[in-house]
């Protein structure tokens, strides 16, 4: 199955429109777009995955309820405010966002997905959001994918969108997607915001299964700071405009769709790591040879979350001692004397001991912007890969204070 | 039971001597002491707790074996090299340290505890350690407590020692202790290096029980970076020179000893947090009202390990939104709408929502060097307190590279 990159982001698939406006949610003077809308001209099947954080933002609760009762056909999303820890008024505000868009588009309120991202604990400034909601549907266009991707950015420094075309079951289909996320990123079910559109004619069952598989193989495999957000959401809308017979769950076509979707989401997930808040390294961390899958995952996550390991990556230091110490406290079954650790295939640690590779060669690799660390536990056949980053002095500095948000909200 | 501070550290109790020499383990040119010895003139009962990391340094394996077969009567410890991930030669080196000291003191090898702290993965430079071991016993003195405390420092910037006297069962007893540790610190059984001496006449059973309780209430309650070392050890020697009948396990005297020991260890544990590598805040984190103890602990640890929460502490930002997001992913049972969060007793979040305290008042508190955050889950009666720190740009910078060690070891 050949995948071809195409332009247009979430508007690349047939029958989708996107648009965005600026409401000044973060700061009344900020001209950047912060309210986005994705709309399908045709009915859709839809699926979503959401954060497993037990503190869930209001829009998560609203979108989950909508998704349970109806197929979504549009998504409204804002950046600059998470609408989390905002109580019943927060739920009302999320519903107002859905209702306003539904009315303008002639849809039911429950056909709208709602998402927010930004600071936690502040009420949405509805005096500024409401006028934005009014003008939003008028900004829809079939070339609005980039605007949508731009409007959901918060601390992101790069716009993250992708679209591909491929042929499944003899029909040419498109998948478009955009994402935001550069902090509060940790492996777990669903991560940050990601919106996916497709014109594939697909059954609900195949769509749901493909989404779960694709998220497990992409967003659940990345780690920046080990923090899991209250707002993480991935939503997918499929409007069937590519034609053909619907892709059924247990079919070759469904497997192909799942693979294509995972490719799209993995590209976005990696882009999120590369854009990690003020970090400088992209590390592919492969754990092999674990007794069981869960042990491979525990080892990968312990390494990817270790402040000391991440600091050494920042310094370009091939510090396998810190890696093995994290392996040791991961709670996975290990045998110290069997552990191998390599950088881009060059051994740093063999059988739990320093390998013979000259430090200079390892430093050359760890000094690069991007490298692969492979840990082999030599106990079994289970493996797990995570895409992660260093932690930098600049990350801490960047995250020291959100006071500006509170000040702009008149709370300072 | 009144505790009185006294001088002398590990040499404050009767019949203990301490001493240290400089071997240049980190760097041949470094004149600072890096090899220390504690010796009891009389037989002891002894107890220890060790890291639960599954990668254990060679001296841990040796000390555990010694403690199982004999009562320890002396402790030899080096800084600058962890002797971890060094295989069978590392075990031999740790045994050589014990044997050398035992021969000089006329003890059996198994009466010696051995500890190391420093970089992981490099063999001990025995060519420099052996001459140090030879001269070490000659440096013992009854006023050597401070020298011992100084010799075990690595990235520590302050010397950590304490001694107290108190009266138990009508006898005046002393407890002296020193500790090192400023990084790789995380709540879990035993943490960093800590050596305790006492002249109390105490049964082995009471000593072991008291140590476990005291460690649980002190070193297991601190968190700097969430990393758990391969070398963490707490050893306690009790030589009975205070006289009186031995303190039995189930006695009022044993409870009193346990309390006094916990006081000593908690002071050292807090000193470790205050000396956390290049950090600037001391945060007392109280979690109350959990359904069960384990949930209170999960919540406290999730908050204390969150990079985003710790970054906000560094910035003096009373960011309760990040605290509640960490509570949400802690896997503890919670109800968002019941959660209260306060800074020094001033509410920041009430019932899961922003409280009415002016941000300025909260910023005044979070801007201080030391403050208390109280989380009340309002579900039950279980509580848990952790002493923790911020994470700073300087911490990352400080931990970027250990290359200098490798270079000094001729591996660069």
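The values are calculated or read from the model by the stated rules, or taken from the named source; none is laboratory data. No experiment lies behind these values; they were computed from the predicted model shown. We place every Cβ from the backbone using ideal geometry, glycine too, and count neighbours over all the protein chains shown.
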Taking the range B:166-184 and the residues there that are within 14 Å of chain A (Cβ to nearest Cβ) and at positive phi, the one that is modelled with the lowest pLDDT would be B:184
What pairs can you find where one residue is in the range A:367-393 and in contact (Cβ under 8 Å) with a residue 12 or more places away in the chain and on the phi > 0 side of the Ramachandran plot, the other is surrounded by 19 or more Cβ atoms within 10 Å (Cβ to Cβ) and in a loop (DSSP other than H, G, I, E, B), and their Cβ atoms are less than 9 Å apart, with a gap of 6+ or different chains? A:378/A:339
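Please determine whether any residue of the range A:104-119 is under 23 Å from the mean Cα position of the chain (by Cα), more than 14 Å from chain B (Cβ to nearest Cβ) and part of a loop (DSSP other than H, G, I, E, B).
no
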With the condition kept exactly as written, say whether any residue in the range B:283-296 is more than 14 Å from every other protein chain (Cβ to nearest Cβ), out of contact with any helix residue (DSSP H, G or I) (no Cβ under 7 Å at 6 or more places or on another chain) and within 30 Å of residue B:38 (Cβ to Cβ). no
Could you check how many residues of the range B:216-247 are surrounded by fewer than 23 Cβ atoms within 10 Å (Cβ to Cβ) and under 18 Å from the mean Cα position of the chain (by Cα)? 3
I'm checking my understanding of the structure. Among residues of the range A:123-140 that are touching a strand residue (DSSP E or B) at 6+ places or on another chain (Cβ under 6 Å) and outside any helix (DSSP H, G or I), which one is surrounded by the fewest Cβ atoms within 10 Å (Cβ to Cβ)? A:140
Got at least one residue in the range A:60-71 being crowded, with 24+ Cβ neighbours inside 10 Å, within 14 Å of chain B (Cβ to nearest Cβ), part of a strand (DSSP E or B) and in contact with a strand residue (DSSP E or B) (Cβ under 9 Å, 6 or more places away or on another chain)? no
Criterion violated by residue A:261 - all others in (1) buried (at least 23 other Cβ atoms within 10 Å of the Cβ); (2) farther than 22 Å from residue A:297 by Cα; (3) within 14 Å of chain B (Cβ to nearest Cβ) satisfied: (3)
Among residues of the range A:301-311, those that are free of Cβ contacts under 8 Å to residues at least 60 places away in the same chain and surrounded by 24 or more Cβ atoms within 10 Å (Cβ to Cβ), counted: 3
Return the residues of the range B:75-93 that are closer than 27 Å to residue A:317 by Cα and in a helix (DSSP H, G or I); say none if nothing qualifies. B:87, B:88, B:89, B:90, B:91, B:93
For residues in the range A:49-59 being surrounded by fewer than 24 Cβ atoms within 10 Å (Cβ to Cβ) and in contact with a strand residue (DSSP E or B) (Cβ under 9 Å, 6 or more places away or on another chain), which is farthest from the other protein chains (Cβ to nearest Cβ)? A:49
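Just one of A:120, A:75, A:112 is buried (at least 24 other Cβ atoms within 10 Å of the Cβ) and out of contact with any strand residue (DSSP E or B) (no Cβ under 6 Å at 6 or more places or on another chain); which is it?
Only one candidate passes the filter, namely A:120.
Residue B:243 - would you say it is touching a helix residue (DSSP H, G or I) at 6+ places or on another chain (Cβ under 8 Å) and either assigned to a loop (DSSP other than H, G, I, E, B) or outside the structural domain of residue B:228 (by TED's automatic domain parsing) (or both)?
Against the criterion (touching a helix residue (DSSP H, G or I) at 6+ places or on another chain (Cβ under 8 Å) and either assigned to a loop (DSSP other than H, G, I, E, B) or outside the structural domain of residue B:228 (by TED's automatic domain parsing) (or both)), residue B:243 does not qualify.
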